[in-house]
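The values are calculated or read from the model by the stated rules, or taken from the named source; none is laboratory data. Keep in mind that this is a model prediction, so the values were computed, not measured. A quick note on method: Cβ atoms are made from the backbone with ideal geometry, for glycine too, and the neighbour counts reach across all protein chains shown.
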Amino acid sequence: MDAIELLLQRQSTPMLTDPAPNDADLSILLSAGMRVPDHAGLKPWHFHVISGPGLQRLSDLYVKATTIDLATKAGLLESTCIDEDAFNEKIAKVAKMPFRAPMMIVISTQYVEHNKVPQQEQLIAAGCCAQAMQMAAFSLGYGAMWRTGDLAYNQTVKTGLGLSEGNDITGFLYLGTPEKTPHCKPAKDFQANVTYWN
C-alpha cells in the first residue's frame, strides 16, 4: 500500500480481535506517533500501551470512575435515588469497554510550558499521534478505532493513569485484527468543506 492509497482508504474498524500488534509492529506504531508535527520539539504527549492483564486493570479503573461519577450525581440531586438496575447495567457496560480489542494505546498530553507553543497546539500534536498510529496500524494490516467518550474526560481515569494535573486524554486507540474484512467506505465529497481563494 503506497502513502496516497493509505490516506484515501483509511477507515476505523470497531470489531477487533487477536492478534494484536506484535512487539515489532508496536514499535512501528509508536515510532509513527513520535514523527508527528511538533512545534519546538516538545514531545507534549504520552502513550500508555495496555494489553493482557492491563485490560482488566483499565476495566477496574473504569468501574471505579463510573461508580464515583454516578454516586456524585445522585448526591447532587436531593430527590434522586439510584436506579439499581440502571446502575448495574451502566457498570457492566463500562467494565467491558477495554475488551473491545486485544490492545489499546491511551494517548494523553504532557503539556510543556513554552512561550511560543500554547497548550492548544500541544493538544493538537497529541491528537496527531493518535492519527499517525492509527494510519500505521492500518498500513500493517491491523484494524484500529480511535475513541473518546465520557471516560476520556473523567478525572478519576486521568489520575488512575498517572496524568499530572491539567493534562488531557486525547484518545483511546483500540488495536487488533478486524473480525471480518472491512467494507471500503466510499470517499467523502470535500467540496462543501472547502473555500478557494484564487
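Points worth noting:
- Selection of segment 128-162 for residues being of a type in the set (Phe, Trp, Tyr) and more than 30 Å from Glu5 (Cα to Cα) yields only Tyr153.
- Scanning segment 116-154 for residues that are assigned to a loop (DSSP other than H, G, I, E, B), closer than 18 Å to His39 by Cβ and aliphatic (A, V, I, L, M) returns a single hit, Val117.
- Selection over segment 46-56 of residues that are more than 14 Å from Phe172 (Cβ to Cβ) and within 18 Å of the chain's Cα centre (by Cα) gives a count of 2.
- The sole residue among Thr156, Thr148, Thr181 that is surrounded by fewer than 19 Cβ atoms within 10 Å (Cβ to Cβ), in contact with an Asp or Glu (Cβ under 9 Å, 6 or more places away or on another chain) and on the phi < 0 side of the Ramachandran plot is Thr156.
- Test for Thr17: is it at pLDDT below 95, over 19 Å from Gly162 (Cα atoms) and not aliphatic (A, V, I, L, M): no
- Any hit, segment 83-93, residues being touching a Ser or Thr at 6+ places or on another chain (Cβ under 7 Å), more than 24 Å from Glu165 (Cα to Cα) and charged (D, E, K, R): yes
- Scan segment 29-45 for residues that are closer than 16 Å to Trp146 by Cα and either of a type in the set (A, V, I, L, M) or over 18 Å from the mean Cα position of the chain (by Cα) (or both) and the total you get is 3.
- Some residue of segment 83-92 being under 17 Å from the mean Cα position of the chain (by Cα) and modelled with pLDDT of 95 or more: no
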